[in-house]
Amino acid sequence: MKADRARINPDPRGRSRATRWAMVIGLGVLAVALALFVRSAQREARLLRADPATAGADPQLMAFARPAGASIYRSRCASCHGAAGKGDPSRGVPNLTDTDWLYGGGEVAEIERVVEHGVRARDPKTQALAVMPAYASPVPAKSEAGLQPLSPADIRDMTEFLQYLGHHAEDPAAAARGSVVYHGRGGCYDCHAQDAQGDAAIGAPNLTDDVWLYGGGSRPSVFNSIAYGHAGICPAWATRLRPAAIRQVALYVYSLSHRRSSAHASR
């Protein structure tokens, strides 16, 4: 009978010791978690105080920012730009691993601005000045009331002119006619500049190199770009990511095109 009662009512002292150990372990875990949170908050504060122009060369900042930025990139950006950041020319998604930049020159602050406010996004500070008109349509661009459509022959000539700029012209006479359209009624110089080297301040690409946002620079892809236009969108993350997260992903993207300096900074 006594043995049965002992099984029903175990030693209260043993139960009390177990409870105390559980509390000690719980407090220890909580203390570690709090310490990690404080340390992370301190690092985030230092990251936000840092000058974006030099942050990419700071080994400690990069060691903290890059892994977190990579995780954010995978969840928010990789669906368009790809896991390796190579982009997709069939959709006009830029390659983030080279040194050719549509907006700015690839500096951390410039990348951060695009991440934060996007391109043609629903954000009051978004980049939206450069829109490629659809010259084969009756109204090539709603924002350019005086811009007139071009004939298929005009578009073919302009295509040949752009091939000439990239040293791939096959018809010099057509290229010459295309130059007249480019510098005249086509109004292309207004965004891409008189020398066709673009304007990184507004996102107008350089047309004289072999880097193409859409397609690979073939005559059909260039013709289609002129005829049907483009107005790609990059989302704005200002209201969906914390400032520290925006800087982290900007530094990660920066590291994709600055592999040598980033590898050196991570040592």
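The values are calculated or read from the model by the stated rules, or taken from the named source; none is laboratory data. Keep in mind that this is a model prediction, so the values were computed, not measured. Cβ: placed from backbone, ideal geometry, glycine included. Neighbour counts: every protein chain shown. The protein model used for the area step is the full one, side chains on, heavy atoms only, and it has no ligands, DNA or RNA in it. Shrake-Rupley method; radii C 1.70, N 1.55, O 1.52, S 1.80 Å.
For region 235-267, what are the residues that are assigned to a loop (DSSP other than H, G, I, E, B), at pLDDT 95 or above and surrounded by 14 or more Cβ atoms within 10 Å (Cβ to Cβ)?
PRO235, ALA236, TRP237, ALA238, LEU241
For a quick check of your reading of the model, give me the residue pairs whose first member lies in region 178-196 and is on the phi > 0 side of the Ramachandran plot, whose second is surrounded by 14 or more Cβ atoms within 10 Å (Cβ to Cβ) and of a type in the set (D, E, K, R), with beta-carbon atoms closer than 8 Å and at least 6 apart or on different chains.
Final answer for the pair search is ALA193/ASP199.
Which of the residues spanning region 92-130 are at pLDDT 95 or above, over 20 Å from GLN197 (Cα atoms) and open to solvent by 50 Å² or more (accessible area, probe 1.4 Å)?
ALA109, ARG113, GLU116, ARG120, PRO124, LYS125, listed by residue number.
Looking at (1) at pLDDT 95 or above; (2) open to solvent by 60 Å² or more (accessible area, probe 1.4 Å), find the lone condition where VAL29 falls short.
For VAL29, the failing item is (1).
Residues are listed down the side, and each one gets a yes or a no for (1) at pLDDT 95 or above; (2) farther than 20 Å from ILE111 by Cα; (3) open to solvent by 80 Å² or more (accessible area, probe 1.4 Å):
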position: ARG5; (1), (2), (3): no, yes, yes
position: ARG13; (1), (2), (3): no, yes, yes
position: ALA33; (1), (2), (3): no, yes, no
position: ARG46; (1), (2), (3): no, no, yes
position: ASP51; (1), (2), (3): yes, no, yes
position: ARG74; (1), (2), (3): yes, no, yes
position: CYS77; (1), (2), (3): yes, no, no
position: GLY85; (1), (2), (3): yes, no, no
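Could we say that LYS125 is in a loop (DSSP other than H, G, I, E, B) and touching a His at 6+ places or on another chain (Cβ under 7 Å) here?
yes
Could you tell me which of the residues ASP195, ASP190 is part of a helix (DSSP H, G or I), of a type in the set (D, E, K, R) and open to solvent by 50 Å² or more (accessible area, probe 1.4 Å)?
ASP190
Inside region 218-234, can you point out the residues that are buried (at least 19 other Cβ atoms within 10 Å of the Cβ) and not hydrophobic (A, V, I, L, M, F, W, C)?
If the condition is that a residue be buried (at least 19 other Cβ atoms within 10 Å of the Cβ) and not hydrophobic (A, V, I, L, M, F, W, C), then SER225 is the only one that fits.
Of all residues in region 148-170, which are assigned to a loop (DSSP other than H, G, I, E, B) and open to solvent by less than 30 Å² (accessible area, probe 1.4 Å)?
LEU150, GLY166
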